[in-house]
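So the structure is just underneath, and the comments pick up after that.
The values are calculated or read from the model by the stated rules, or taken from the named source; none is laboratory data. Given the structure is predicted, the values throughout are model-derived calculations rather than measurements. Quick reminder, even Gly has a Cβ in these numbers, built from the backbone with ideal geometry, and neighbours come from all protein chains shown. When the accessible area is computed, the model is the full protein with side chains, heavy atoms only, and any ligands, DNA or RNA have been set aside. Shrake-Rupley method; radii C 1.70, N 1.55, O 1.52, S 1.80 Å.
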Amino acid sequence: MEAVLAIAIGALAGSGVWLLLRPRTFQVIIGLTLISYAVNLFIFAVGGVRVGADPVLGAATDPSHYADPLPQALVLTAIVISFATTALFLVVLLTSRGFAGNDHVDGEDGTP
Amino acid sequence: MPYGLISTAILFLPFAAALATPLIGRGNRRRTTWLMTGTAGVCLVLSSLLFPGIADGEVLRQSFAWAPGLGLDFTLRVDGLTWLFLILVTGIGLLVGIYANYYMPREYPLVRFYSLLLGFMGAMLGIVLSGNVIQLVFFWELTSLFSFLLIGYWHHGKSARDAARTALIVTVTGGLCLLAGVLVLGHIAGSYDVDAILAAGGRIRASPLYLPALVLILLGAFTKSAQVPFHFWLPQAMSAPTPVSAYLHSATMVKAGVFLLLRFWPVLAGTEAWFWIVGGVGLATMLVGAWSATFQQDMKGVLAYSTISHLGLITMLAGLGSTLGVVAAIFHTVNHATFKASMFMAVGAVDHETGTRDLRRLGGLRHVMPITATLAVIAGAAMAGVPLLNGFLSKEMFFAVALGANHGLVLDALTVLVAVAAAALGVTYSLRLVGGAFFGPLRHDYPREPHEPPRWMRFPIGILALACLAVGIFPAWVVGPLLRAAALSVLGAQLPAYDLAIWHGLTLPLLMSVIAFVAGCVLYIAGRRRIAARDSTPLIGWTSALHGFERVLGFLTTTLPELQAKIFPGRKLQVQLLVVVVLAGIFGFLAVRPLPAAAAPGMHVDPAFALLWLLGIACAIGAATQAKFQRMAALILTAGTGLVVCITFVWLSAPDLAVTQLVVESITTVLLLLGLRWLPKRIRELAPLSSTARYHRVRDAVVAIGIGVGLASLAYAVMNHLVADSASRFYLEQALPGGGGRNVVNVILVDFRALDTLGEISVLSIVALAVFALLWRFRPAAESLGSTRRREIGSVQGEARADRARRAWADQMMLPGFLILLVVPVITLFALHLFLRGHDLPGGGFVAGITVTMTLIVLYMAAGARWVEARLKVAPVRWIGAGLLLAIATGLAAVVLGDPFLTAYHGHWSVPVLGDIPYNSALLFDLGVFAVVSGASALMLVVLAHQSLRRVVPAPDAPRDNGEAES
């Protein structure tokens, strides 16, 4: 399981970085989305990969019986914040497109 | 303790009133004025009540625990010096408030003006009341901010904006130096408490860190008090409304620096460094200010430089190191505040009545404004130091201090010489100011017909002129006790013997006064025509600290970035991102250390999981390749990856994350879909790849693969070396007993780490508002407007056709639309369910908030933006505000109950019949989170969706790319 998840994180991050370096704003947004998936999964993985652990406290008193809540709490807010940043980037993209007349990240390539 | 209560009230009343002004005074000038003057009046009365407590050198203290762990208390400290400033700040504040009501144009409601003025007053009171140096710096910077807003009050004018910016940059930079200085001071003394620092004077002066601390603190004081070479912001700040100048440059803003010098005089003074720096700067400032003031043609310009000169005098008095100097400095601070404030107001009255402040265009106003002229003569005479007025007394004292100095013959002679010269120039410019405006023949070419200003505009000038006279004639009786209390609080047992009398006999200071007076008069009579003909100041006119400042600013904001662009590989974002990514990769690689061999993971690989991720990775790579030409496809593929991530969360025991990921994924996709419409078309066949682009792709692919492999290995290593005993154990053990919830993730978010969550929802709110603001003036590219059916909207024919199309669309969508509408209440109910169970089962405010937004999306999709906006009044900004307020209020409730901010309470209520009902205050906090999240996400979606209603408006100022071919 660990190996699969690690490869997945690497693949998502790689795709994301490649897109991040592209010249078009939409590519950059998609790239950032993919990178945020990778990072969220990475933070989540720091708590350990557990199949079938209880996420909610039950009768058992042994902490190892449960999934690690801390990375989950971190990732939960990260998901919501990444939505907000995506929205912000999108709007910046649209505004820059409106001003510059093209969708190049530098706003100055001449072609629409 | 009534004294503590009073000082607390004095500090908080102005701020409360500043906040209340927009609520109470909106559109009602009378009420606004009453609120401002009333607050200042109450503060003045309250301040005067404190006098019996400090009259004999006692200190009143009131402390609130602030950050006890760091040894910081929020302390209000009143001693004689503080008390004097309290009276000046509130008293002159009251007079300025009255004056402003008559000075400011009638059509302005003055809500912003009075609110800022109150805020400034509060900040100024905060400085003088601070019993803790960090707290002092906080209020110090606050005055800089408020003065920025006040100086730039008429922000339509470029000069006001520039002046405000200059003042802000200079004083805030000084404030930062001051912060560093007090940190050093606190470090030496071992405490940030003012009393502790005052008690550690000897230790501080002996410390090797004394000089850095001194220089940093003096930088703060000198920038604020407009000392050479930082004086240039003050004359520029004359573009502020005159009441603001009267307040900031007489009793408050610039006197903060003086206050600081006097406050720390017992600690920092008495060394060579203090004498040379403070004395030298004060001497230079006094002379430069007086010389420049003589050659100004603008009445406010004269007053500005005169203020600089008098501040230099006070600084020099503090710098000489003698105890009598301190007494004189305090005395002159009071005197200068009274005569300068009244002088500013008199000049404002002239400006108000005639429409000009240019001395060359004024004259003879005593014939039409006799009362104002009389008052101005009194204030001007006080400024010049004429006997029977307060300015004379402090000048005598100053001469006595200068004569008593004992620093070697040359220095002493120089001090005396400069003192007399500055006093003579003071006589000259006072004569020019008063004589030029009010005496001589009456002129008839004023922009306005001058009359005596309204009675209540003269009233504050009259009160202050009366104060000048009263102090000047009965000094011992009027200011004796106050001066003694203030001097006692600085000097303690060192208080020297001094005599507040008008007549000391035929003494050397009196002779100096006479010389200065005669010299000033001669200079005025002999040189007035030549002075009036000059446009610049002789001798020092070519130097301009302002130009130097602008050059530094230009270097920092233009030259340096250009240089950086030259050195840094190109200004292109792509290149910079590449550098960032590669550097991150390199540093990541360098940080790698060999790990101990780990036990092989015991879990087998589930083929289904591997297959799932095969799909997920394929989606991600597909999205990467398609994002340029097939945006829609790329978007769907990205969403596919998101779903795989979501399933992964389910698989790996994180249901909370899975639910959140699912709903966020959905609304992100909708959001991007809404945005797609405004992007330019891109067709693969039309854009063949150049060889450079091909090279870039290969290069970036190498970088991306490197990063991917690195991160994968890192992740693998981390997963095999889990931290055995992390903080998680605490949360798992304490969630139920401490937080009252079984869903540990939710308990962490709304209880244990509620402060972090509060920060996050604040960020979310800010981002949503930023999105809103950016789209407010959104100008889409013309071609995107024209590229759909909507191109036809605008002509009658086209409108009809579009209408038909819309109806056909509506017919198609009828059944799905109906079904969707049925789903809406179900989703809402589900959101409520998610919210309520959040503490014990997967769910909570975050996910419930986004789920509620989904109902809105669904409605927009089913019925169209027009339909929804016609029927549903969505006010997401209010949700955001309400949510933030609720979250903060929940936290503050705990403070009121005596617990730390954001403490949550839980337990059970026993209710007959119903039995035990559990309650948890964290639920209220979560409700705030819910409101913010739903409001923020709804706001972002709604403003974007609303753009679809945009029409092609044939605006004359169409966007730049209007001429672009519509291909």
Inset, instruction - Give, as a single signed number, the net charge of other residues whose beta carbon lies under 13 Å from the beta carbon of residue B:845, with Lys and Arg counted +1 and Asp and Glu -1. - result: -3
Inset, instruction - Please give the contour-minus-distance gain from residue B:823 to residue B:518: 0.36 nm per residue of separation, less the Cα-Cα distance, rounded to one decimal in nm. - result: 100.4 nm
Legend entry - 13 Å Cα cut-off, lysine pairs counted over chain B (separation 8 or more, or different chains): 4
Legend entry - Cα convex hull of the protein assembly as shown, projected area averaged across orientations, nm²: 53.8
Inset, instruction - Put one equal scatterer on each alpha carbon of region B:269-535, apply the Debye formula with no solvent term, and list log10 I(q)/I(0) at q = 0.07, 0.14, 0.15, 0.17 1/Å to two decimals. - result: -0.24, -0.93, -1.04, -1.28
Legend entry - Full-stretch length increase - residue B:725, residue B:30 - with 0.36 nm per residue and alpha-carbon distance subtracted: 243.6 nm
Inset, instruction - Give me the percent of the accessible area of region B:269-535 that comes from carbon and sulfur atoms, probe 1.4 Å, all protein chains in place. - result: 68
Inset, instruction - Tell me the label-point distance for the pair residue A:65, residue A:43, using the 7 Å Cα-to-Cβ offset, in nm and rounded to one decimal. - result: 2.9
Inset, instruction - With everything on Cα atoms, drop me the angle between helix B:80-103 and the longest principal axis of chain B, reported from 0 to 90° to the nearest 10. - result: 80
Inset, instruction - Report Rg/Rh for region B:504-646, rounded to two decimals, where Rg is the Cα radius of gyration and Rh the Kirkwood radius. - result: 1.51
Inset, instruction - Give me the number: length gained by fully extending residue B:550 to residue B:584, i.e. 0.36 nm times residue separation minus the C-alpha to C-alpha distance, one decimal in nm. - result: 8.5 nm
Inset, instruction - Estimate the FRET efficiency between residue B:55 and residue B:456 by the formula 1/(1 + (r/R0)^6), using the beta-carbon distance for r and 30 Å for R0, to the nearest 0.05. - result: 0.35
Inset, instruction - For chain B, divide the Cα radius of gyration by the Kirkwood radius and give the resulting Rg/Rh value with two decimals. - result: 1.05
Inset, instruction - Note the angle between two axes, namely the Cα long axis of helix B:111-129 and the longest principal axis of the Cα atoms of chain B, as a number of degrees from 0 to 90, rounded to the nearest 10. - result: 70
Inset, instruction - Taking the Cβ of residue B:320 as the centre, find all other residues whose Cβ is under 13 Å away and add up their charges (Lys, Arg: +1; Asp, Glu: -1). - result: -2
Inset, instruction - For B:839, B:833, give the ranking by accessible area with the largest first, probe 1.4 Å. - result: B:833, B:839
Legend entry - Area hidden from solvent between B and A (accessible, protein heavy atoms only, 1.4 Å, total, Å²): 8600
Inset, instruction - Return a whole-number percent for the relative contact order of chain B, with Cα pairs under 8 Å and 6 or more residues apart as the contact set. - result: 8
Inset, instruction - Would you mind putting B:256-267, B:503-514 in packing order, based on average other-beta-carbon counts within 10 Å, highest first? - result: B:256-267, B:503-514
Inset, instruction - Note down the net charge around residue A:67, summing +1 for each Lys or Arg and -1 for each Asp or Glu among other residues with Cβ under 12 Å from its Cβ. - result: -2
Inset, instruction - Take the Cβ-Cβ distance between residue B:498 and residue B:414 as r, set R0 to 25 Å, and report the resulting FRET efficiency rounded to the nearest 0.05. - result: 0.55
Legend entry - Spin-label pair residue B:769/residue B:614, simplified geometry with 7 Å Cα→Cβ offset, distance in nm: 5.1
Legend entry - Using alpha-carbon coordinates, inclination of helix B:409-438 to the longest axis of chain B, degrees: 80
Legend entry - Inter-label distance, nm, simple model (7 Å from Cα along the C-beta direction), residue A:92/residue B:705: 3.1
Inset, instruction - For an R0 of 22 angstrom, estimate the FRET efficiency from the Cβ-Cβ distance between residue B:20 and residue B:755 and round to the nearest 0.05. - result: 0.20
Inset, instruction - Would you rank B:249, B:231 by solvent-accessible area, highest first, keeping every protein chain in place and using a 1.4 Å probe? - result: B:231, B:249
Legend entry - Accessible area (Å², per residue) of region B:269-535, counting only protein heavy atoms and a probe of 1.4 Å: 37
Inset, instruction - Treat chain A as a sphere of radius equal to its Kirkwood radius over Cα pairs and apply Stokes-Einstein at 20 °C in a medium of 1.002 mPa s; give the translational diffusion coefficient in µm²/s, rounded to a whole number. - result: 132
